[in-house]
Amino acid sequence: MDIQLEQIDRALQTAPDQHLDFLAKRDLIERILELRDRKNVLILGHNYMHPLVYQLSGHQERGDSLALARRAAETDKPIILFNGVFFMAETAKILSPDKKVLIPDPEAGCSLAEPFTAEDVLAYKERFPGAPVVTYVNSYANIKAESDYCCTSANALQVVLYAARETGSRQVIFFPDSLMGANLQKELQPEGIELIFPGKDDKKFGRCEVHEKFTRQHLLDIRKQYNIPKGAPDAAILVHWECPPEVVEEADYCGSTSQMIKYVADHPQLKRVYLATECEMAANLASEYPSIEFVRTCNIFCEHMRRITLEKILFSLENEVYEVTVDPDLARRSRTAIERMLAIF
Ligand code: SF4
């Protein structure tokens, strides 16, 4: 059952500022939901969307890249509207080639995905023959097509271990996130697996322009200002795998978007939480966990995610633009890497 206007109204009443936004945009939201029903559209929403955009998706249709990729693969609706960035909508199209996949703003990119081409992956394969290639989902189809496995931040470690085991290689090529590569390398040390990733011994980096901004000093300042001592039972700082290693070290917990949400759900004693990730995620969790104070520092945000607005969603649905297309051969080859991941985890 798709989410209804009254449910959005009720859900946002726990967050008064968000509810005021809802009342101001109620007519617009109602028109979007009408179009969704009339055209039989599945609306998927990433955790980093603005709360009003996020609320357009029901609980089964919101989440991180992995959850949304799975949902896109299993739907029988003819149209998918993807409220997220382009590589996510492209992944949905690869998994559902016979569906019409729309993105409200095709310019919604990603600093991790942009810098790399298929030639970069081919050059690494040539330098490290026999090493399997594991590619983070934050990449475009041309990179995935040259990869053996795809992964998300929720399963990157397990996919790398699986790839090493399956191929018998002690080296694994990991694209394109340099900071996540460094964080994973630490975890892989005991296993004796060497991770090869951009920026390790060359000058071409892949970094999330949001998560790279967090520093250890920033976390120490948050701890002091908001009274979140390290290891406190009722307060915690959670960080994303895409943050620098010294930030991960200072955190109380490090995980993917979905793992951070699970941490909050599994620790009902929490009273105050700081999430070192895109700031809208804290806004979205605030309405679900009204008893927790989510400290927000919204000078750190993703400008690509912010391109998705209610106005653009309405335009996209009304006119059935902007449709995502992928070259069939590229789609076939990248689907193999994505489906391997979905089959394992
Ligand atoms: S938050 Fe970072 S990884 Fe996610 S879309 Fe924005 S730039 Fe890319």
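The values are calculated or read from the model by the stated rules, or taken from the named source; none is laboratory data. Predicted model only: the values in this text are computed from it and were never measured. Cβ sites come from the backbone with ideal geometry, for glycine too, and all protein chains shown count toward neighbours. In case anyone asks, the SASA skips ligands and DNA or RNA and just uses the protein heavy atoms, side chains included. Shrake-Rupley method; radii C 1.70, N 1.55, O 1.52, S 1.80 Å.
Here are some notes:
- Filtered residues of region 316-328 (kept if farther than 15 Å from Ile43 by Cα and touching a residue at least 40 places away in the same chain (Cβ under 8 Å)): Thr325, Val326, Asp327, Pro328
- Only one of the numbered conditions (1) of a type in the set (A, V, I, L, M); (2) surrounded by fewer than 24 Cβ atoms within 10 Å (Cβ to Cβ); (3) away from the ligand (no atom under 16 Å from the Cβ) is not met by Ala154, and that is (3).
- In region 110-133, the residue that is nearest to Leu42 (Cα to Cα) out of those that are within 17 Å of the chain's Cα centre (by Cα) and open to solvent by less than 10 Å² (accessible area, probe 1.4 Å) is Ala113.
- Within region 290-302, considering residues that are in contact (Cβ under 8 Å) with a residue 60 or more places away in the chain and not hydrophobic (A, V, I, L, M, F, W, C), the one surrounded by the most Cβ atoms within 10 Å (Cβ to Cβ): Thr297
- Of the set (1) assigned to a helix (DSSP H, G or I); (2) of a type in the set (A, V, I, L, M); (3) within 16 Å of the ligand (Cβ to nearest atom), all apply to Met49 but (1).
- Number of positions in region 76-89 that are within 16 Å of Arg335 (Cβ to Cβ) and more than 17 Å from the chain's Cα centre (by Cα): 1
- For Ser258, the conditions (1) under 14 Å from the mean Cα position of the chain (by Cα); (2) at pLDDT 95 or above are fulfilled apart from (2).
- Residues located in region 294-340, provided they are under 19 Å from the mean Cα position of the chain (by Cα) and acidic (Asp, Glu): Glu303, Glu339
- Glu280 within 13 Å of the ligand (Cβ to nearest atom) and modelled with pLDDT of 95 or more: yes
- Selection from region 203-227 of residues that are part of a loop (DSSP other than H, G, I, E, B) and touching a Leu at 6+ places or on another chain (Cβ under 9 Å): Phe205, Gly206, Arg207, Cys208, Glu209
- Contact annotation: residue pairs with Cβ atoms under 6 Å, 6 or more positions apart or on different chains, pairing a residue in region 127-153 that is farther than 12 Å from Met180 by Cβ with a partner that is open to solvent by 10 Å² or more (accessible area, probe 1.4 Å) and assigned to a helix (DSSP H, G or I), are Pro132/Thr167; Ala141/Glu90; Ala141/Leu330; Asn142/Ala118; Ala145/Leu330; Ala145/Arg333; Glu146/Ala118; Tyr149/Arg340.
- Consider region 237-253 and keep the residues that are within 18 Å of Ile300 (Cβ to Cβ) and without any contact (Cβ under 8 Å) to a residue 60 or more places away in the chain. The one that is most open to solvent (accessible area, probe 1.4 Å) is Glu246.
- Taken over region 303-322, residues that are buried (at least 16 other Cβ atoms within 10 Å of the Cβ) and assigned to a loop (DSSP other than H, G, I, E, B) amount to 4.
- Complete set of residues in region 288-331 that are more than 16 Å from the ligand (Cβ to nearest atom) and touching a strand residue (DSSP E or B) at 6+ places or on another chain (Cβ under 8 Å): Ile292, Glu293, Phe294, Val295, Ile313, Ser316, Leu317, Glu320, Val321, Tyr322, Glu323
- Residue tally, condition part of a loop (DSSP other than H, G, I, E, B), in contact (Cβ under 8 Å) with a residue 40 or more places away in the chain, under 15 Å from Ala69 (Cβ atoms) and open to solvent by 20 Å² or more (accessible area, probe 1.4 Å), over region 88-107: 1
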